[in-house]
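Visitor: This structure is in C-alpha cells; I'll ask about it shortly.
Quick note: the coordinates plus some simple rules give every number you see, no bench work behind them. A quick note: this is a predicted structure, and the numbers were derived from the prediction, not measured.
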Amino acid sequence: MTTAVDIRDVTKIYSPDSSQAVTALENISLTINDNEFFTLLGPSGCGKTTLLRLIAGFEQVSGGEIMLFDKEIENLEPNRRSVNTVFQHYALFPHMTVAD
C-alpha cells in the first residue's frame, strides 16, 4: 500500500528562543495510506489544528519531517503542496453568504 502522508517525530515549539516557549507538539509520528479515511480526533488544545497547519505549510516545523508520497515538504510553499485546506472559521469573506 502506498503511503500518502508520513509524519515522523514532528515537534512544534512556538517562540523557541524566549522564556515563554510553548511546545504545541512533541515527537508526533503517524502514517496515512493512500485512499485511507483518516480522522484526527482529540480534545481542545491537543494540537490537531497545529498539525494540520504544519502539513498545509502555514507553520514551520521545529523538528522532525513531513512527507507526502515519499517527498519531503517542509521547505515547500503552501501553494506547492498537494494539500487542501478548509478553514475552521469563515474569516476570508465573513460578509458573504454561499449564494453570493
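Visitor: If amide hydrogens are placed 1.01 Å from N in the peptide plane, which non-local residues have theirs closer than 5 Å to the one on Gly64?
Guide: Result for Gly64 returns Thr11.
Visitor: How many Å³ per residue does the convex hull of the Cα positions in segment 3-80 occupy?
Guide: Hull volume over Cα atoms, normalised by residue count, gives 95 Å³.
Visitor: Using only DSSP helix segments of four residues or longer, with each worth -39500 (n - 2.57), what per-residue ellipticity at 222 nm results for the chain after dividing by its residue count and rounding to 500?
Guide: Numbers: 1 runs with 9 residues, N = 100.
The helix-only estimate for the chain comes to -2500 deg cm²/dmol at 222 nm.
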